[in-house]
Amino acid sequence: MKYCFSTWQRALGVVGIGTGAGVLVLSCTQLPAETRPSASTEQRLQALQVADTSGYETASPRDPNGIGTYYLGRQIAHVMGHEGASWLERNGRRQEEGTDLLLKELNLKPTDVVADIGAGTGFFSFQLAKKVPKGQVLAVDIQPEMIAALQDNKRRLKVTNVRSVLGTTTNPGLPADSVDLVLIVDAYHEFDHPREMGRAIRRALRPGTGRLALVEYRAEDPSVPIKRIHKMSIGQARKEMAAVGMVLADSIETLPQQHLLLFRK
């Protein structure tokens, strides 16, 4: 699997894999260079709720790909900026991540309301829309540039049941008790304020039936070719969700490289 952006390859130090002399295969599962939103964007995305500092610690970054903030012992990774949007639509993603299987495992009903948090360009949002033709997909991102790209794709694909939502780093902007499923794919570990986001997500879930589907690369598996800071273990995920009043209902391990963890209130 060859990744076509040589600048990002050098920045990430992508590992070559090959069995013959002179053969170099570059893994597509490594993330592009981490980038931060611009200062003006950060100013527009100021917190809309009082910060809860429980579980946070500020310290020197142990990993240069992370920020100097730790949550319940985990260093938070840098956000992938909108400059890396093409990574979300890369060729081979469906096969690498088993995205069709992921969507099947969600067991969605046609009338469900689904929130895709960290939606980016809408890679999952528009696939989810097909699964809920009588429902709605709320495509949430904190970067206006990503929202603009998603809107362009929505017009191009002529999808009517996807609505974009510009969230903040502490609040996805979802109505309380209104969402059947929240899906977060490879993004939670980059949340600057995971505790505040977790509490806001919990409030948004429909009482009794609402679910959070958390998808993260398996930290327990050293063969998954992703930097450690971009992985998460089941134990860490359970600890962080428990801190905001969520319990693990199911762990689905059928995806090639990622956990699919289902949480409920």
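The values are calculated or read from the model by the stated rules, or taken from the named source; none is laboratory data. If you're wondering where the values come from, they're calculated on a predicted model, not measured in any experiment. Neighbour counts run over all protein chains shown; Cβ positions are idealised from the backbone, glycine included. Accessible surface is based on the protein model in full, side chains and every heavy atom, while ligands, DNA and RNA are left aside. Shrake-Rupley method; radii C 1.70, N 1.55, O 1.52, S 1.80 Å.
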request  = Please tell me if ALA176 is open to solvent by 50 Å² or more (accessible area, probe 1.4 Å) and among the hydrophobic types (A, V, I, L, M, F, W, C).
outcome  = yes
query = Any idea which residue in the range 64-80 is most open to solvent (accessible area, probe 1.4 Å), counting only those that are at negative phi and assigned to a loop (DSSP other than H, G, I, E, B)?
reply = PRO64
query = Residue check: is LEU108 modelled with pLDDT of 95 or more, more than 14 Å from the chain's Cα centre (by Cα) and under 30 Å from PRO175 (Cβ atoms)?
reply = yes
ask   = Going through the range 194-222 one residue at a time, which ones are within 17 Å of the chain's Cα centre (by Cα), without any contact (Cβ under 8 Å) to a residue 60 or more places away in the chain and farther than 20 Å from GLN75 by Cβ?
value = ARG211, LEU212
remark   = Checked the range 157-173 for anything under 19 Å from PRO110 (Cβ atoms) and open to solvent by less than 40 Å² (accessible area, probe 1.4 Å); matches are VAL159, ASN161, VAL162
request  = For the range 173-193, name all the residues that are over 15 Å from the mean Cα position of the chain (by Cα) and either in a loop (DSSP other than H, G, I, E, B) or under 28 Å from ILE229 (Cα atoms) (or both).
outcome  = GLY173, LEU174, PRO175, ALA176, ASP177, SER178, ASP180
Candidate set from the range 86-120 (those that are of a type in the set (S, T, N, Q) and within 21 Å of ILE201 (Cα to Cα)); member that is least open to solvent (accessible area, probe 1.4 Å) = THR111
inquiry  = Name the single residue that is nearest to MET246 (Cα to Cα) among those in the range 210-224 being out of contact with any strand residue (DSSP E or B) (no Cβ under 7 Å at 6 or more places or on another chain) and acidic (Asp, Glu).
reply    = GLU220
message = Residues that are open to solvent by 40 Å² or more (accessible area, probe 1.4 Å) and of a type in the set (D, E, K, R): list the strands (runs of 3 or more DSSP E) wholly contained in the range 194-265 that include at least 1 such residues.
response = 247-252, 258-264
